Amino acid sequence: MAGTRRVAAVRGGACLFALASFASGAGAESWCDAPPPPELTVLEPVDTGSDWFQVHAVAPGVFAISEPRQYEGATSFLVTGAERALLFDSGLGVAGIRDVVRRLTTLPVTVVNSHTHFDHVGGNREFDDVRNLDLPYSRASARGEVSQSLAAYASETLTEGRVCGSLPAGVTSRAYSMPTWRVSGQVRDGEVLDLGSRKLEILHAPGHTPDSICLLDRANGLLFTGDTYYSGEIYLWAPETSMPDYTATIARLAGLQPALKMLLPAHGSPVAEPIRLVELQAALQEIAERKLRAEPAPDGRQTFKFERFSIQLPGDPGL
């Protein structure tokens, strides 16, 4: 996530506009009172003893590790093979995600980040094997060198308006520090990571950030989308976002739809239907052709609404 304070929608899409009412003191129920995504009711919960993380088994050998009490609602995914495991993102770094991972697997773990926004890399420092794309944006993020606007946004991560209930056990301060970590290796587009009985392909998916990637499990029809797609309001207005790159990425991913069984996004519901990629591609085309009327959004931005998601763009999206 990047930019200024979110007031248009809860990222997970469970209760659009709830946060706006909460932040403005309008007396409405806060985002904390919104019901969970309905898809969660059919997923198997896994008890790891954590008071911060919520874990669901979403597919054989795949666990969604979410942080639903912080309003980014970020989800990391643990994918296990016969010989190794891969953690796709590591969350905010507020509570120790490594403890949860160790309750789910005893295999050696490699961390790969969907992109290097703070809510996806916070736990990187807990692991020895962390791999990113070899790009200037990724390298700067690992050093904690981010834009002033992103640092200001992240600094409010643990304020009372952004956390439901108490802080995680052992956390006594609401100050949030921008994560830093050591990169042990790089990944590249098209690289296949063999976990033993399970192979995951790296797909460079620039757009949301220059270093965004997706993970493709071809054998099982799974696509881990990071922030490239999720249910709710998709933010495409940050300075590091490239609309031409994003449009090309969605076209590439939509082409995979016939072979996919499930999307696994990093916000909102941890599972989604692959047809959403085709719908998103069509939505971007409608916006580019100026067939839709936008609704005003904070700071001069604009929002385009669709049935399963909405898209927030800068005032001049440059499509």
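Just so it is clear, none of the values below were taken in a lab; they were calculated from the coordinates. Source: prediction; values computed, not measured. In this analysis, Cβ positions are derived from the backbone assuming ideal geometry, glycine residues included, and neighbour counts consider all displayed protein chains.
Results, tabulated for the structure shown:
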| read-out | value |
| --- | --- |
| Per-residue ³J(HN,Hα) for region 258-266, Karplus 6.51 cos²θ - 1.76 cosθ + 1.60, θ = phi - 60°, Hz, x for Gly and Pro | x, 9, 9, 10, 7, 9, 10, x, 8 |
| Candidate aspartates and glutamates for bridging to Lys305, where Cα separation is under 13 Å - those fewer than 8 sequence places away on the same chain excluded | Glu233, Glu279, Glu286, Glu295 |
| Ranked Asp194, Asp47, Asp89, criterion: other C-beta atoms within 10 Å, fewest first | Asp47, Asp194, Asp89 |
| Ascending count of other beta-carbon atoms within 10 Å, so fewest first, for Phe306, Phe127 | Phe306, Phe127 |
| Loop-resident sites, region 151-238, for trypsin sites (Lys or Arg not before Pro), counting at most 16 other Cβ within 10 Å (DSSP) | Arg174, Arg182, Arg188 |
| Distance between modelled label sites at Thr106 and Ser30, nm, 7 Å Cα→Cβ extension | 4.2 |
| Cut-off 15 Å (backbone N to label point 7 Å along Cα→Cβ of Lys199), residues of region 82-117 | 82 |
| Three-way shape call for the chain based on the alpha-carbon gyration tensor, with the a/c threshold at 1.5 | rounded |
| The chain, dipole about Cα centre (Lys/Arg Cβ +1, Asp/Glu Cβ -1), debye to the nearest 20 | 160 |
| Ranked list, fewest to most other Cβ atoms within 10 Å of each Cβ, for Cys164, Cys214 | Cys164, Cys214 |
| Positive-end residue, region 59-203 charge dipole about Cα centroid, Cβ charges, pick of Val100, Thr75, Asn124 | Val100 |
| Added length on full extension, which subtracts the Cα-Cα distance from 0.36 nm per residue, Glu295 to Asp316 | 6.2 nm |
| GNM top mover of Asp299, Asp189, Asp134 - the chain, alpha-carbon springs below 10 Å | Asp299 |
| Separation of alpha-carbon centers, region 37-64 and region 253-309, rounded to whole Å | 25 |
| Inter-probe distance in nm under a simple model that places probes 7 Å from Cα toward Cβ, at Ala251 and Glu83 | 3.8 |
